[in-house]
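Each remark here refers to the structure printed beneath this line.
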Amino acid sequence: MSINKRIERVFSDLFPINRSLTGKGVVETFDYLLNNFHLDGEIKAVPSGTKVFDWNVPDEWNIDDGYILNGAGEKIVDFKESNLHVMSYSAPVDKIVDAEELRKHIHTLPRYPERIPYRTSYYNKNWGFCCAERLLRSEQFVPPFKVFIDSSFNSNGKLRWLECVKKGRSEDEILISTYCCHPSLANDNLSGIVLAAFLFEYLSKVDTKFTYRLVVLPETIGAISFLSQANTKNIVGGMVLSCVAGPDKLSIKEGFDPNHFMTVSAHLALKSRVGEEYLTYEFVPDGSDERQYSSPGVRIVTPSIHKSKYYEFNEYHTSADDLSFIKPESLIESYEVHKNWISLIESYCHPKRINECCEFQLGKRDLYPRVGGTLNQQAHYENEVGKEHRLFNFENEVVLTGAHLGAFQWLMHLADGSVSNFEIAKRSKLDIAIVNEAIAAMYQKELLELK
Ligand code: ZN
């Protein structure tokens with residue numbers, strides 16, 4: 001099956017499931033990911049009522065049905081048609097109400113009268129429906145109304161998340177986090193879940209320096225629950241996957257430290273794909289789970305690369321963020337950028353010259369043109385420089401060019417063990433791929449060690 005077809009299939013299988021902070025839809029989603037992507041992972045849980053930092057884990061919520069009947073007995077709102085119709089974590093209700101009372105429990109979007117909004121009431125027990133404003137203005141809106149929601153709260157329930165680990169050669173970990181609490185909404189954030197699954201499937205097949213930990217969890221309370229249990233001391237950086245299949249151009253929300261290697265490598269990955277044709281949003285402590293990961297006791301730098309970032313598209317948190325809003329091609333573009341990002345993360349190093357005084361004599365090592373002029377010779381450098389640094393971004397055969405010679409000169413100038421490959425690319429204005437190839441070549445000639 002082509003990747004486009006596979007992406008389409010996964011979206012259409014997972015889109016209808018009613019996800020929330022807790023409940024059957026979340027478990028169904030995790031089981032689907034474990035079975036269809038052969039992820040080596042486990043479902044972790046904390047019991048309802050557990051104190052996690054300043055929060056309490058809510059009761060487990062499930063819903064089987066919900067509707068409104070009008071005075072003529074017609075079903076004018078039906079959870080089974082769209083799970084957005086019932087406010088997430090709505091209390092059960094079964095009674096007859098007049099129009100005035102019903103309006104207090106109905107959410108609409110007057111600016112977009114055809115759309116159903118997405119609303120939640122996790123921590124205030126209340127019942128509620130969401131529907132198109134058009135319905136309230138229609139002839140169907142005739143009292144008395146029967147309102148019915150068949151939902152339940154289980155104080156002996158659980159809050160669950162999916163956690164998968166891909167071991168690398170080092171204990172240093174990269175956290176990949178995405179959230180699974182939204183019902184039928186495609187870009188925010190089913191796209192994040194789908195990208196996470198494809199990316200982890202890819203990671204499980206390649207040899208990596210870093211260990212990667214994937215968590216798929218309900219936003220906010222899930223991240224807080226995970227952090228309350230996790231040993232984060234080995235986590236050196238992370239990424240939050242969210243809103244990655246929309247129609248807009250690629251963008252980055254930077255991590256709280258713009259100079260951290262996770263933020264710098266994300267920019268480099270975007271540049272190598274689209275040049276300057278992407279948007280940059282500076283870090284602010286809002287948005288998704290970077291709010292938890294960036295807090296003082298945690299401090300994990302977690303940039304996000306988006307296609308149609310939350311808050312920035314008007315379909316956001318409405319029924320218009322459906323399968324017609326996203327495209328497999330958009331998800332593939334995000335997937336390719338994230339693979340490139342991982343490859344750059346893997347290449348992150350601080351080269352140090354073996355001998356720090358003066359230039360190396362490059363000519364006797366075939367790193368300098370024998371006849372003056374430009375360097376353009378075939379050279380065989382394997383895509384592997386020792387056990388510690390693989391996955392450099394080049395094929396087995398490298399053609400050394402004038403740009404590589406420039407990179408050798410910058411390396412001889414800067415490689416004192418304190419300057420990263422990313423910083424060398426920035427200072428030299430050379431492509432990071434050229435710098436990495438030059439590092440690999442000099443490493444194989446035993447002119448550099450890598451820290
Ligand atoms: Zn959202």
Expressed per residue, the solvent accessible area of the chain in Å² (1.4 Å probe) is about 43
Summing +1 per Lys or Arg and -1 per Asp or Glu among the other residues with Cβ less than 11 Å from ASP40's Cβ gives -1
Of every hundred units of 1.4 Å-probe accessible area on the range 221-328, the number belonging to carbon and sulfur atoms, as a percent, is 47
Between the range 418-451 and the range 1-57, the Cα center-to-center distance that results, in Å: 40
In nm, to one decimal, how far is the modelled label at ASN355 from the one at HIS413, with both set 7 Å along Cα→Cβ? 2.2
What's the angle, to the nearest 10 degrees (0 to 90), between helix 24-36's Cα axis and the longest principal axis of the chain? 40
Near LYS271, which aspartates and glutamates are there with a Cα under 12 Å away, not counting those fewer than 8 places off in the same chain? ASP431
So how tilted is helix 402-414 from the main axis of the chain? Cα-based, degrees 0 to 90, rounded to 10. 90
Straight-line reach from LYS364: which aspartates and glutamates have Cα under 14 Å away, leaving out those fewer than 8 places along the same chain? GLU446
Taking R0 as 30 Å, what FRET efficiency do you get between GLU101 and GLU81 from their Cβ-Cβ distance, rounded to the nearest 0.05? 0.85
Which far-off residues, 5 or more places away or on another chain, put their amide H under 5 Å from the one on GLY168, with H placed in the peptide plane? THR211, TYR212
Compute the acute angle (0 to 90°) between the alpha-carbon long axis of helix 432-444 and the principal axis of greatest extent of the alpha-carbon atoms of the chain; round to the nearest 10°. 50
What ranking of ARG213, ARG299 comes out by heavy-atom accessible area, probe 1.4 Å, highest first? ARG299, ARG213
Return the carbon/sulfur percentage of the accessible area of the range 1-80, one whole number, probe 1.4 Å, all protein chains in place. 47
From the cross-link list LYS209/LYS339; LYS44/LYS158; LYS249/LYS327; LYS80/LYS158; LYS233/LYS253; LYS249/LYS309, the entries with a Cα-Cα span beyond 21 Å are LYS80/LYS158; LYS233/LYS253
Rounded to the nearest 0.05, what FRET efficiency do ASN156 and TYR202 have when you use their Cβ-Cβ distance and R0 = 30 Å? 0.20
CD proxy, 222 nm, the chain: helix-only mean residue ellipticity via -39,500 (n - 2.57) per DSSP H run with n ≥ 4, per residue, nearest 500, stands at -8500 deg cm²/dmol
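The values are calculated or read from the model by the stated rules, or taken from the named source; none is laboratory data. Just so it is clear, the structure is predicted and the values come from calculations on it, not from any experiment. Heads up, the Cβs are rebuilt from the backbone with ideal geometry, glycines too, and the neighbour counts pull from every protein chain shown. Note: areas computed on protein heavy atoms with side chains; ligands, DNA, RNA excluded. Shrake-Rupley method; radii C 1.70, N 1.55, O 1.52, S 1.80 Å.
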